[in-house]
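Right, one structure below, let's go through it.
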Amino acid sequence: MNSWNGQDNVPVSVCRFVCDDAVHFTDDSTEEKGVRLLGYRGDTIKHWFWGNLAFDMDGLYFASKKTPGLIDHNSALRLTYSKKQAVKPEVFIEGPFLSNPDSAKLKQDMIEGFPFQASLRLNPEIVEQIADGQKAKVNGTTLKGPGAIFRKAAILEISACVFGVFKNTETTALSEADNDKNAIKFSLCKENEMAQEDQMTIETFIEKWPELHAEVFSAGKAEGLAEGHEKLSNLFKGVQVACGGDCELLVACFAEGKTVEQAYKMRADKLQTANKQLGEDLVKARQAKVDPAIQEFTQGGPAPTTIFAEATATDKQLEEHFAQTQEVQDEYGDVGSYLAYVRHNVRKK
């Protein structure tokens, strides 16, 4: 379990990290006057304070063009300065041995084979906390929580140190007079951010991102108006066709919010009602009594007109009947409407 737990500032001592077997002559030769200090290889570190820890190589940078190389992180014990430095594929500095006694002594110890370690000092700026059970990608690998990832950090210096002195156990690290603090920006693992977003309400969204909400709302409103206009236009065209030129019926359909299917039914019902009334009027006319003054002229006259059987007629017979009957033409307007009406009534029966 890590001891950090999302603090927004931490002791300087817990920002020093040892790299084993990392102090060498620049060409692995004791004759060479240069020294190479390797600070980090991109792997995950087991740390008493941070838990599983890694430094994002994409977010590491050197705080200065010439990075100090010290002894035991003591600014009074100066070993070298960087003439060459890099972050990828590993963090290192290379430079000449200084001429002071401390640097010369350490060089002599190296010549005699003493196994110094390098200790990297960072100033973390953005630290991502990885909770227990969570995972995060860093440097092409997966880091498992609990732990942390330095997403952005400045490299302040690299020191040569004796084995074990800066292993950063809790006792040695916090026993130093380490009053200075490294201020950091705390962030959660992306998995945890996703979980929080899943629980976000419209109220919290507006509160957190008011400008984005206003932009989204404006765009949605414009899109909704355009979509609504298109739907209304298509509905009008469909109802207009269904009403067959009957303006009164068209107005009634829109006033009542009818669909295209409902408009077709309303037109059929209206035609059926009109046709029924016409039939009743014809029957009444035929059953009317003949005036006695003209009765003699009607007797022996032409045979009574027979009623056309629409239900049993063929389409051709219906078309001929329509062409020969002015009343039918006046009622239906066109032969298609007449055929549609007749067939509709036949199916209902």
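The values are calculated or read from the model by the stated rules, or taken from the named source; none is laboratory data. Everything numeric here is computed off the predicted structure, so don't read it as measured data. No Cβ is skipped: glycine too gets one built from the backbone with ideal geometry, and neighbour counts run over all protein chains shown.
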**Message:** Residues to consider are 260, 335, 328; find the one that is modelled with pLDDT of 85 or more, among the β-branched types (Val, Ile, Thr) and in contact with a His (Cβ under 9 Å, 6 or more places away or on another chain).
**Reply:** 328
**Asked** Can we say residue 265 is at pLDDT 85 or above, of a type in the set (D, E, K, R), surrounded by fewer than 15 Cβ atoms within 10 Å (Cβ to Cβ) and within 20 Å of residue 338 (Cβ to Cβ)?
**Response** yes
**Complete:** If you go through 218, 119, the only one that is modelled with pLDDT of 75 or more and in the same structural domain as residue 55 (by TED's automatic domain parsing) is 119
